[in-house]
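The values are calculated or read from the model by the stated rules, or taken from the named source; none is laboratory data. Nothing here was measured: the structure is a model prediction, and the numbers come from that model. We place every Cβ from the backbone using ideal geometry, glycine too, and count neighbours over all the protein chains shown. Remember, those area values only see protein heavy atoms, side chains included, never the ligands or the DNA or RNA. Shrake-Rupley method; radii C 1.70, N 1.55, O 1.52, S 1.80 Å.
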Amino acid sequence: MQLKIFFADYRDKKPFYSRSQKVQEKANLASHLLKTYIKNIRKRPECKIYYISISHKDAESKIKNKQLRLLKELEEELTFLSSINFSFWGYKDIEKLYRQTQLQVETTIKVNNSFDLEVPGVEKAYITTMSFSEFRKIILREDEDKSIRDFIFYDNVRGFLGEENRINEGIKQTLESDDKIYLFPILNNGVTIITQELHIVKDKTYRLVDYQIVNGCQTSHVLNICKNVSNIDDTIILVKIIETDNDNIRNEIIKATNSQTEVQKELLAALSDFNKKLDEYYEIQKSGHQKPLYYERRPGQFLRQDVIKNRIIKIRPQIKTFTAMFLDEPHNFSYFDKKLIDRIGNDIFANSHYPIPYYTSSWAFYQLNYLYKKLKIYVNLNYEKKDTSTKVKYYLLMIFKYIVSDSDCPSCKNKKDIEKYCETIISILNDIEKCEEIFIQTNDKFNTLAQQYYQKSNNSDFIDYEKICKQQAFTDFILSELNATNKNLPRIRQNHINSKQLLLPLEN
């Protein structure tokens, strides 16, 4: 209806409703352009309609059906338009567009040679060679310092791993050797660039718009380090340039080009939209925080930054703390194996999850470590092995949240409930005195429950923490005694915990 009103002037019809000044101005402009130029243009104009909402849910089928009926009605009446396209944009789409605005970059380069590739689903693809004098336009800023553009490696699975890295050291030695530098194009695997837009300016001259180097981060950084080496500008670099807006193809390219060197499967999670969202969430939390945490989505991400090392949260520790605290699986600390990795994208780093529980678990673990090291909030002489205390800490994370909050642990997919739940926990963690008090209670509760669990089958006052901390039965016994309910647990497991009929497999 509003679209009909917008084009009322052009159709010489009186609008049904009054229009604001801004809408009136735009309608007048559209009417003038259409009446003046529509007869002189070969193709009728297109109309794109965007329905924008901050909703976290996808459009329901009822709304989509209504959209189809509306489009059909509009197409029948607004025949001067060649097509009408209707798009729903929710918060995920808006978030993605905002992220793209932070990664805007453009440059024009001239290649020495190029080979055109025709690939289904890919708009344009070229295998090229270019000199470093041209490649430096891609990786270096245009400021006085000519520093490297760090943000063009945002979609890379790794950050720069440093000059001391064995491979990077070899690249550097090649570039600095008068006898080997000419071999660089055949010794190096080259660089892969994915760009939003790729324009052919003229023969062998390309304009790249909003591009990312998805493979070749190490090569690019070492070339930057060696940018003042004599004759470096003549060095030839192999570069694949690909234009695609298909996210699935984009991720397949990144995975494939990075498979030439060993990449742990969990690091490929860095490519997911969720991990990028989590990275940004940590960044937001740093503002005004006395002890900010840094999420290292890509190895080497903070290598050249002045960051306290124990505040860097890597992917694997993030998985451990989240799994222990919000999936109630502290017993899996010792079993970080393929089964846990295979859960990435399902109940770990799921796109339907919200970032706050992940951040909360890392902040809780950081504060617990601080209290343990600085204040010695718990010392248990029965820990026979050094890493047993670390295993116990994951149990303390789980118990801590139930002591802080009397309510059930909500689903990590429920934005309103999980944010409210985690904000309560974070408020305690931010107050070091309250935090210490509750962690002491947590530790006392853990030791009491461990003693009860062990005595039921062993009739012994000596507790083998090393053994019981590996058992899900011990975890479920604790949850049962706490009358805990967690909406992130499988229904079968939660029902088993609620039944209080738990097996105690201490003989393992």
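Please go through (1) farther than 11 Å from ALA364 by Cα; (2) in a helix (DSSP H, G or I) for ASP406 and return the number of the only condition it doesn't satisfy.
All conditions are met except number (2).
Going through the stretch 316-351 one residue at a time, which ones are assigned to a helix (DSSP H, G or I), modelled with pLDDT of 90 or more and among the β-branched types (Val, Ile, Thr)?
Of everything in the stretch 316-351, those that are assigned to a helix (DSSP H, G or I), modelled with pLDDT of 90 or more and among the β-branched types (Val, Ile, Thr) turn out to be ILE319, THR321, THR323.
Within the stretch 13-34, is even one residue on the phi > 0 side of the Ramachandran plot, open to solvent by 40 Å² or more (accessible area, probe 1.4 Å) and either at pLDDT below 75 or outside any loop (DSSP other than H, G, I, E, B) (or both)?
Taking every residue of the stretch 13-34 in turn, none turns out to be on the phi > 0 side of the Ramachandran plot, open to solvent by 40 Å² or more (accessible area, probe 1.4 Å) and either at pLDDT below 75 or outside any loop (DSSP other than H, G, I, E, B) (or both).
Tell me which residues, restricted to the stretch 294-319, are crowded, with 22+ Cβ neighbours inside 10 Å and more than 15 Å from GLY159 (Cα to Cα).
Matches in the stretch 294-319: GLN318, ILE319.
Being at pLDDT below 90 and part of a loop (DSSP other than H, G, I, E, B) narrows it down to one of LYS373, LYS386, so name that one.
When all the criteria are applied, what remains is LYS386.
Please work out if GLU280 is open to solvent by 40 Å² or more (accessible area, probe 1.4 Å) and touching a helix residue (DSSP H, G or I) at 6+ places or on another chain (Cβ under 9 Å).
It is true that GLU280 is open to solvent by 40 Å² or more (accessible area, probe 1.4 Å) and touching a helix residue (DSSP H, G or I) at 6+ places or on another chain (Cβ under 9 Å).
Looking at the stretch 149-173, I want the residues that are farther than 21 Å from ALA269 by Cβ and have a partner that is of a type in the set (A, V, I, L, M) and in a loop (DSSP other than H, G, I, E, B) with Cβ atoms under 6 Å, at least 6 apart or on another chain. Which pairs are those?
Qualifying pairs under 6 Å: GLY162/LEU303.
For the stretch 185-204, give me each residue that is under 10 Å from LYS124 (Cα atoms), touching a residue at least 24 places away in the same chain (Cβ under 8 Å) and open to solvent by 50 Å² or more (accessible area, probe 1.4 Å).
Selection gives GLU197 alone.
Can you tell me which residue is nearest to LEU449 (Cα to Cα) among those in the stretch 395-423 that are free of Cβ contacts under 8 Å to residues at least 60 places away in the same chain and small (Gly, Ala, Ser)?
So, considering only residues that are free of Cβ contacts under 8 Å to residues at least 60 places away in the same chain and small (Gly, Ala, Ser), the one nearest to LEU449 (Cα to Cα) is SER405.
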